[in-house]
Amino acid sequence: MTHSERGSLARLLDTVCLHPVGRRSPYTNVELALIVQAQGGEITHTYISQLRKGDKDNPSSRTIEGLAEALDVHPAYFVGGRRDRPPEERPRWEAERLRYLFAAVHPRGRGPYSPEEAAAAIRQDGRYGGISASYIRELLAGTSDNPRLKHIFGLAGYFGAPPAYFYDAELAARVDTQLKTRLAMEKLGADNVILRAAEHLPSPEIRRKILAELAKALCPERSTEEVVAEAVRPENVEPRDAAEE
């Protein structure tokens, strides 16, 4: 885990302990540990203190979930996601989302990545320690459902997904929609259409319509006009090689 991510966990936990949801007084480590234990979790006040100071930085998913429930925040908050949690929600690590990433995210023309490939890449990256292919298989099968924070960051980084994807149903739905759209575009030969359009430059009006449709498909949560304006802004257009001019 990088220094910034290590500091982020400690900072986020300390902040929500000092400024908790729905109460004026901060949580002490002893008080918070007792609340987590009363909810069925296993944690000590010493370990909470170590997490808040950054002395420990690799809690299990179940520990993250227990702290989030006790503090009335979303577990995604501790991996860089949203803080608010609707009262009716009990977010947990979702193995199905990892299975979907393995099924959907891979280069065209080949099958899904293997657990061995993912484990080797995460280990080579070096930021999140190691993870074995056999453990990834257990996570995919659901026989293990309590990955540690470094595992979550490593797997998310390997597939280019935000770590909160594994906890936040709303975020996961948006990411999945974008992935499905990308896959559909590939099956429909969208790349070939774009290449043909580059050979025969369309009028500004047609080009804007194409961009608008792509914006709706790829960024459904944002204003179409805003996305198109951002895409055509000069600083977002890569300069052509001088030899092409």
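Please treat every number below as a calculation from the coordinates, not as lab data. Here the structure is a predicted model, which is why all the values come from computation and not from measurement. Note that we place each Cβ from the backbone using ideal geometry, even for glycine, and neighbour counts take in every protein chain shown.
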Sorting GLU116, GLU221 on the 10 Å Cβ count, fewest up front, what's the list? GLU221, GLU116
Magnitude of the charge dipole, the stretch 49-175, Cβ model with Lys/Arg +1 and Asp/Glu -1, debye to 20: 340 debye
Jot down the per residue volume, in cubic angstrom and as a whole number, of the convex hull over the alpha-carbon atoms of the stretch 3-79. 76 Å³
ARG182-ALA38 pseudo-label distance in nm [points 7 Å out on the Cα-to-Cβ vector]: 4.5 nm
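Using the 2.2 N^0.38 Å rule of thumb for compact globular proteins, work out how the stretch 95-168 stacks up: its C-alpha Rg over that value, please. Before the final figure, lay out each step's value.
Working: Rg = 11.3 Å, N = 74, 2.2 N^0.38 = 11.3 Å.
So the Cα radius of gyration is 1.00 times the expected 2.2 N^0.38 Å.
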Relative intensity, log₁₀ I(q)/I(0), of the stretch 23-170 from a Debye sum that treats every alpha carbon as a point, q = 0.17 Å⁻¹: -0.99
Taking TYR165, TYR100 and counting other beta carbon atoms within 10 angstrom, the fewest-first order is TYR100, TYR165
Contour minus Cα-Cα span, SER25 to HIS106, at 0.36 nm per residue, comes to 24.3 nm
